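The block underneath contains the structure these notes are about, expressed in structure tokens.
Read-outs: derived from the displayed coordinates by stated rules, not from any lab. Quick caveat: nothing in here was measured; it's all calculated off a predicted structure. Don't worry about glycine lacking a Cβ; one is built from the backbone with ideal geometry, like all the others, and counts go over all protein chains shown.
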Amino acid sequence: MVRRKDARDRPLDERARTVLRAIIEEYVATATPVGSQAIVEKYDLGVSSATVRSVMAELERAGLIGQPHTSAGRVPSDEGYRLYVESIASPVALEPVDQLMIRHQFGQVAYSSEQWFRLAASILASTTRAAGLVTSVQPGRTRVRRIHLALVHPHLAALVLVPAEGSMRQALVALPAETDQVLLDEAAAQLDAALGGRTAAQIGQVAERLDPLPASIARRVASLIDEIDAARVEGLFSDGLLNVMEAPEFARTETLSRVFAALQDQAYLSRLVDHVGRGGGVRVFIGHENLRDEMREVSLVMAPFGHEGRLLGVIGVLGPTRMAYPRTIGAVGFVSGIMNELVAQLYA
């Protein structure tokens, strides 16, 4: 539906706002076009069905609701949802018990940004009954901030690279000789001192001057950084796509196939990340507001996360435009706040 010129330029009175809210919340709950009688019966507005029909006609002229096909009921337009999100509904905070449970879940996962991303996507999917999305980004010329090493086997170590910007990365490193954790700790300290603030190219030069063990690990760090620098968006973690597939709006599978294909496009993800990162806080993209035509039948509720003003990624929810926006916005805001806390601890 196309926004009429006066859709948001002329303020709605309180009665019209109340009716619009009722239409949206009823449609979100039922996925069925909403008639005046349903509103009178289910919402205590204190007015007759004829009055509600008159208000609905006003909302339709403003482009905030529409009539699908020959149904007697009305459904919200993208502009109706936008007005609802911006000035009618308020974000709904998660219940304290849910907040405690989510914090506990994050406290149980391994010290790994990838595990955090997977858990965040899973939590958002289960909390909102939509699809949870998390993606991380990197600045293009990654520099080392810190290195952790953990012995897996006398000839194998787990390498954890904490970059100056971007998300933490992990890799396995073959050790040139039988090694214990004490030697790995000494190597990590030497590498922190020698590689801190350096790029992949600079690390290659430094490695030539190191002892055999740290030199071997330094070369693996350089190759890992090269992999990070190869892409702006490091990867998309998602969960709950089945929740979206079960929505009646997507009975035609080709609609979601186009959505999923768009989400695999690195150029699109990079543009989306940039938009969310520039805005700060929770951003909502409703239907036609999305950056790709394939996304016109879905909404995205996204928020950035990072450390000291540096964008490390975005987190959010994808679902039909018929979304419970207040709760979704509250959930995304809460989980992105936890991600910020975890990143701050990681970089501390």
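If you line up the long axis of helix 181-195 against the longest principal axis of the chain, both from Cα atoms, how many degrees apart are they, to the nearest 10?
Its long axis makes an angle of about 80 degrees.
Taking the chain as the reference, fit the longest principal axis to its C-alpha atoms, fit the long axis of helix 49-61 to the helix C-alpha atoms, and give the angle between the two in degrees, 0 to 90, nearest 10.
Here the helix axis deviates by roughly 60 degrees.
Points 7 angstrom from Cα along the Cβ direction at His104 and Gln266: gap in nanometres?
Calculated label separation equals 4.1 nm.
When Lys and Arg each count +1 and Asp and Glu each count -1, what net charge do the other residues less than 12 Å away from His153, Cβ to Cβ, add up to?
So the environment of His153 carries a net charge of -2.
Angle, helix 266-279 long axis vs. longest principal axis of the chain, Cα atoms, 0 to 90°, nearest 10?
80
Indicate the gyration tensor shape class of the range 14-88 (rounded, prolate or oblate), computed on the Cα atoms with a ≥ b ≥ c the square roots of the eigenvalues: a/c under 1.5 is rounded; otherwise a/b larger than b/c is prolate and the rest oblate.
Since a/c stays below 1.5, the shape of the range 14-88 is classed as rounded.
For the residues Arg53, Arg169, what sequence is obtained by ranking on other C-beta atoms within 10 Å, fewest first?
Arg53, Arg169
Residues with amide H under 5 Å of Leu312's amide H, sequence separation 5 or more or different chain, H placed in the peptide plane at 1.01 Å from N; which?
Under 5 Å from the amide H of Leu312 lie the amide H atoms of Phe305, Gly306, His307, each far enough along the sequence or on another chain.
Label Gln205 and Asp192 with points 7 Å out from Cα along Cα→Cβ: what is the distance between them in nm?
2.5
Tell me, what HN-Hα J-couplings in whole Hz come from the Karplus equation 6.51 cos²θ - 1.76 cosθ + 1.60 at θ = phi - 60° for each residue of the range 295-308, using x for Gly and Pro?
Here the 3J(HN,Hα) series is 9, 5, 9, 10, 10, 10, 10, 10, 9, x, 9, x, 8, 6 Hz.
In µm²/s, what is D for the chain at 25 °C and 0.890 mPa s, where D = kT/(6 pi eta Rh) by Stokes-Einstein and Rh is the Kirkwood radius from Cα pairs?
It comes out at roughly 109 µm²/s.
Specify whether the C-alpha gyration tensor of the range 144-229 places it in the rounded, prolate or oblate class, a ≥ b ≥ c being the square roots of the eigenvalues: rounded for a/c under 1.5, otherwise prolate if a/b is larger than b/c and oblate if not.
Because a/c hits 1.5 or more and a/b exceeds b/c, the range 144-229 counts as prolate.
Can you list residues whose amide H is under 5 Å from Arg145's amide H, if they're 5+ apart or on another chain and H is modeled 1.01 Å from N?
Val162, Ala164, Gly197
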